[in-house]
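Here's the structure, in structure tokens; my notes come after.
None of the figures in this text is laboratory data; all of them are computed from the coordinates on show. What you see is a predicted model; the values in this text were computed from it and never measured. A quick note on method: Cβ atoms are made from the backbone with ideal geometry, for glycine too, and the neighbour counts reach across all protein chains shown.
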Amino acid sequence: MNTTLIKYIVIFFIINFAALGIGSLATGAAVSGEWYTSINKAPWTPPGWAFGAAWTTIMVFFSVFMGFAYNEVADKKKLVALYTAQWILNVSWTPVFFMLEQVIPGLIIIGALSVLVGYFLVHYRAVLKVKVLLMLPYFVWLLIATSLNAYILFNN
């Protein structure tokens, strides 16, 4: 790996983990709060520890993906615009869902995020080839998270 690529990966690593930090601030007490503990959750809801482990893994892979993408994609403006939209959706879901207890807007946000991450997978496949698979954990996790959000909407 060249130093430019490593620099890009580190930059995206910092930005992505900042998003996780913001999310954890919004999630903290809310996960053990009255609203979330009392609602009917999907039987396939992972244990609490799995969320931290999954998001840490996802953000490591996503940082590497973005480093490669920024290094190899010609239209950096579009890439950064898509990345920024992803970041905003990712960071906004947690306070909307957990702090504001807004399940429908949460589902809209996470649904849009899922579509956007799916777009990354499809759109950048030709340029990044096998490296695009670094996005797969993020996409799969979002599909699971979307199903959990939808379950809460339809069963509470």
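General observations
- Net charge in the neighbourhood of LEU136 (other residues with Cβ under 14 Å of its Cβ; Lys, Arg +1, Asp, Glu -1) is +3.
- Cβ-defined net charge surrounding ILE152, 13 Å radius [Lys, Arg +1; Asp, Glu -1]: 0
- Relative contact order, percent, the range 3-154 [alpha-carbon distance under 8 Å, six or more residues apart]: 33
- By the compact-protein rule of thumb, 2.2 N^0.38 Å, the alpha-carbon radius of gyration of the range 22-93 corresponds to a ratio of 1.44.
- Using a Förster distance of 22 Å, the FRET efficiency for ALA29-LEU143 (Cβ separation, nearest 0.05): 0.20
- Reach of LYS7 by Cα under 25 Å, taken over lysines that are not fewer than 8 positions away in the same chain: LYS76, LYS77, LYS78, LYS129, LYS131
- Cα radius of gyration and Dmax for the range 57-114 (Å): 13.6, 40
- Using just its DSSP H runs of length 4 or more, each adding -39500 (n - 2.57), the chain gives a mean residue ellipticity at 222 nm of -26500 deg cm²/dmol after division by all residues.
- Qualifying GluC sites (Glu not before Pro) for the range 29-126 [loop in DSSP, other Cβ within 10 Å: at most 16]: GLU101
- By the count of neighbouring beta-carbon atoms within 10 Å, fewest first, VAL117, VAL64 end up ordered VAL64, VAL117.
- 20 Å tail of the calculated P(r), the range 1-131, as % of Cα pairs: 50
- Karplus-derived 3J(HN,Hα) values for the range 49-63, using 6.51 cos²θ - 1.76 cosθ + 1.60 with θ = phi - 60°, are 4, 5, 5, x, 5, 5, 5, 5, 4, 4, 6, 5, 4, 5, 5 Hz; glycine and proline are entered as x.
- Likely footprinting exposure, MET99, MET135, fewest C-beta neighbours within 10 Å first: MET99, MET135
- Summing Lys and Arg as +1 and Asp and Glu as -1 over all other residues whose Cβ lies under 11 Å from the Cβ of THR84 gives a net charge of +2.
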